[in-house]
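Heads up: the structure comes next, in structure tokens.
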Amino acid sequence: MQIIVKNVSYRYDQNGYEKSNWILHQVNVTIPSHSFVSIVGHTGSGKSTLAKLIKGLILPSAGRIDISEQEKSHCNDKANIHNKVGLVFQYPEHQLFEMTVLDDIAFGPKQLGWSMETISEKTEQVTKALGLKRETLNQSPFHLSGGEKRKAALAGVMVMDPEVLILDEPAAGLDPVSRRNLMQLIESWRKTARKTVILITHHMDDALAYSDEIIVMNKGKVLYQLSPNQLFLEHEDELIKMDLDIPDQVKLLNKLNRRLAKSIKVDSLKEEHIFEKIAEYYKKNEVTYDS
Ligand SMILES: Nc1ncnc2c1ncn2[C@@H]1O[C@H](COP(=O)(O)OP(=O)(O)OP(=O)(O)O)[C@@H](O)[C@H]1O
Ligand SMILES: [Mg+2]
């Protein structure tokens, strides 16, 4: 499913007649089908607001959002199209409330009147994809670890089989290993099920590692929508000015390239690739070090 956000502005209706300032201002972004797109930006820049607009929880004050299935655009069910977008809020485990994990996962599908057979089949698929143990399903969600709770909450959205999954800070508060593990599970689910993922994150490492494109927001506006390579290699200074983190290997590469007569060209910004290219360069140019 493709999402096109066209000239969208948004402000909150505060008490019926008074409006807040513009929270989003003339935002234009395109999220292609089956892509992995990250949204980064300072706190308060409007990332979660944009997510709620795409999910259809709030409506644009101006502009429009088109969500369409590229493959069969002539038979769009406009009323239900937002149902194909799953939104996992930040700290989603705060929304777990049923007696067992299974009941929690099944809550949404039951509301939609799915048969028990379909519910258990889909539950089996997502819990497996997320690596949630079978015995967890009959436990109270409140007895799980932080990482397991997060997965249980994610499963409750993924079970609805959304075409587009928006994750608002899915790794917030998780330790580095759980974070990497969760991100890899999401990415492998996206690839096998051919889904679209929109990741809102403060972790620039994750944005770099998984995204086809990164959207940078600042004060309610979209500054860039670029590939990780273009963004980090060509706009490092602007990102630093906005106090956004630059992954270490990119900082190293950019620093070296500013000093070298002939810069080191890379195809990807993954750590191993950059280190390999730096080593290759030094070997080829017979650069030696003073001890
Ligand atoms: N219900 C509301 N009424 C008025 N203003 C709001 C409301 N919810 C959010 N805002 C304001 O909208 C702006 C954007 O908020 P939003 O939650 O979209 O930012 P964000 O980029 O997701 O930030 P963070 O990284 O901290 O999650 C903030 O200035 C916030 O104070
Ligand atoms: Mg937010």
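The values are calculated or read from the model by the stated rules, or taken from the named source; none is laboratory data. All figures in this text were calculated on a predicted structure; none of them were measured in a lab. Backbone-built Cβ (ideal geometry, glycine too); neighbour counts: all protein chains shown.
Taken over the stretch 11-37, the criterion of being under 25 Å from A207 (Cα atoms) and not in a loop (DSSP other than H, G, I, E, B) is satisfied by L24, H25, Q26, V27, N28, V29, T30, I31, F36, V37. Could you say whether any residue in the stretch 93-102 is within 16 Å of ligand 1 (Cβ to nearest atom) and either surrounded by 12 or more Cβ atoms within 10 Å (Cβ to Cβ) or within 26 Å of S48 (Cα to Cα) (or both)? Within the stretch 93-102, one or more residues are within 16 Å of ligand 1 (Cβ to nearest atom) and either surrounded by 12 or more Cβ atoms within 10 Å (Cβ to Cβ) or within 26 Å of S48 (Cα to Cα) (or both). Selection over the stretch 164-196 of residues that are assigned to a loop (DSSP other than H, G, I, E, B), touching a helix residue (DSSP H, G or I) at 6+ places or on another chain (Cβ under 7 Å) and surrounded by fewer than 20 Cβ atoms within 10 Å (Cβ to Cβ) gives a count of 2.
The rows are residues; the columns are (1) at pLDDT 90 or above; (2) within 16 Å of T192 (Cβ to Cβ); (3) under 24 Å from the mean Cα position of the chain (by Cα); (4) among the hydroxyl-bearing types (S, T, Y).
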site: Q125; (1), (2), (3), (4): no, yes, yes, no
site: R134; (1), (2), (3), (4): no, no, no, no
site: N138; (1), (2), (3), (4): yes, no, no, no
site: E148; (1), (2), (3), (4): no, no, yes, no
site: G156; (1), (2), (3), (4): yes, no, yes, no
site: E163; (1), (2), (3), (4): yes, yes, yes, no
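Within the stretch 224-235, restricting attention to residues that are not hydroxyl-bearing (S, T, Y) and not in a helix (DSSP H, G or I), the residue that is farthest from the chain's Cα centre (by Cα) is H235. Checking G131, G173 one by one, the residue that is of a type outside the set (S, T, N, Q) and away from ligand 2 (no atom under 16 Å from the Cβ) is G131 and no other.
Taking (1) of a type in the set (D, E, K, R); (2) assigned to a helix (DSSP H, G or I); (3) surrounded by fewer than 12 Cβ atoms within 10 Å (Cβ to Cβ) in turn, E238 satisfies each apart from (3). For G56, the test of being at pLDDT 95 or above, within 16 Å of ligand 1 (Cβ to nearest atom), in the same structural domain as E148 (by TED's automatic domain parsing) and at positive phi is failed. Among the residues making up the stretch 249-265, those that are out of contact with any Asp or Glu (no Cβ under 9 Å at 6 or more places or on another chain) and of a type in the set (A, V, I, L, M) are L252, L253, L256, L260, A261. May I ask you to verify whether S20 is within 21 Å of the chain's Cα centre (by Cα), surrounded by fewer than 20 Cβ atoms within 10 Å (Cβ to Cβ) and within 11 Å of ligand 1 (Cβ to nearest atom)? The answer is no for S20.
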